[in-house]
1. Suppose R0 equals 35 Å. What FRET efficiency, 1/(1 + (r/R0)^6) with r the Cβ-Cβ distance, do residue 81 and residue 167 give to the nearest 0.05?
2. With +1 on each Lys and Arg Cβ and -1 on each Asp and Glu Cβ, and nothing else charged, work out how big the dipole of the chain is about its Cα centre, in Debye to the nearest 20.
3. Report the dimensions of region 44-149 along its three principal axes from the alpha-carbon atoms, largest first, rounded to Å.
4. Residue farthest toward the positive end of the dipole of the chain, with Cβ of Lys/Arg at +1 and Asp/Glu at -1: which of 169, 8, 138?
5. Once the dipole of the chain is set up with Lys and Arg at +1 and Asp and Glu at -1 on Cβ about the Cα centre, which of 82, 126, 48 lies farthest towards its positive end?
6. List the lysines whose alpha-carbon lies under 23 Å from that of residue 100, not counting same-chain residues fewer than 8 positions away?
7. In deg cm²/dmol and to the nearest 500, what is the mean residue ellipticity at 222 nm of the chain if only DSSP H runs of at least 4 residues count, each as -39500 (n - 2.57), divided by the residue total?
8. So if I take the centroid of the Cα atoms in region 88-159 and the same for region 167-238, what is the distance between those two points in Å?
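Here, each number is a calculation from the coordinates, and none is a lab measurement. All values derive from a computational prediction rather than experimental measurement. In this analysis, Cβ positions are derived from the backbone assuming ideal geometry, glycine residues included, and neighbour counts consider all displayed protein chains.
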Amino acid sequence: MSQPYLSLEAELHDAFWEAEDDGSEVALMAAFLKRHPGPAVEMGAGSGRLVFPLLELGYELEGVELSQDMLDLGVARAARLGIRAPLHHGDMSTWDSGRKFSSILAPTFTLQLAHDPAATLRHWHGLLENGGGLYLTVFMPYAELLGDLPENEWYEDHRVTLPDGRLGLLKTRHRLDYERQIVEREHHYSVSGSPPLEHVSKQQIRWIEHPELIDLLAECGFRLERFFVDFDPERVVEDPEVIDCDGIFTYVAIKIAPELAI
């Protein structure tokens, strides 16, 4: 099973993202959906942070989310926007509505939370129409792997001032499992106030090397069409290891017939 965001972790998730996000991934996803018209689904849609702006742009989109806490926030967000919340409760690795989609979106490193990325990609292949598109963003945890963030030491990960003036804070420490290519993270969330709020969680994020992911896509029945780094479609490179980048990799792929997959 994938890993859900719960309690204060869910409540602060969007606040942290929105404090740092310039909207570039929404624009990238909109451009992708324009090339793949028809029904689309976002995996790991959370509270609809990305789904709702795309709906407002006129795209036919729904979302799948494992965390009921995130879905409840999505219902409240949709009510504020005055729109329907097309969000479904389910695990991205197994959810199936019985319909085929023109495209699947897996932004914000969602695939790396899957217990078995290969099985998840194969499942998504089955949800797509022939020739359907896959938009996928992953990241390489270079700060952890290069020692910029030492193992087993707490550090401030995110800080944000909430609309009501309270301070939201995330502290993190991690351990690297090189054999399984997993970053094991402990998170301590807090919100100032009287009384202050706290929540502790654990998360496993799997890193996937670029050549490994290229092979994985092919093995799961996808043909890679585009690859670029750091949410910049102009930064098209053959080998991200030889350039200076933040380690954010975006892959755009097409479903091919099973008999054509390697």
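1. My answer for the efficiency is 0.85.
2. Dipole of the chain, to the nearest 20 debye: 960 debye.
3. Taking max minus min along each principal axis of the Cα atoms, region 44-149 gives 46, 35, 25 Å.
4. Towards the positive end, the residue furthest out is 8.
5. Going by the Cα projections, it comes out as 82.
6. Residue 100 reaches 34, 255.
7. -8000 deg cm²/dmol
8. Region 88-159 and region 167-238 have Cα centres separated by 9 Å.
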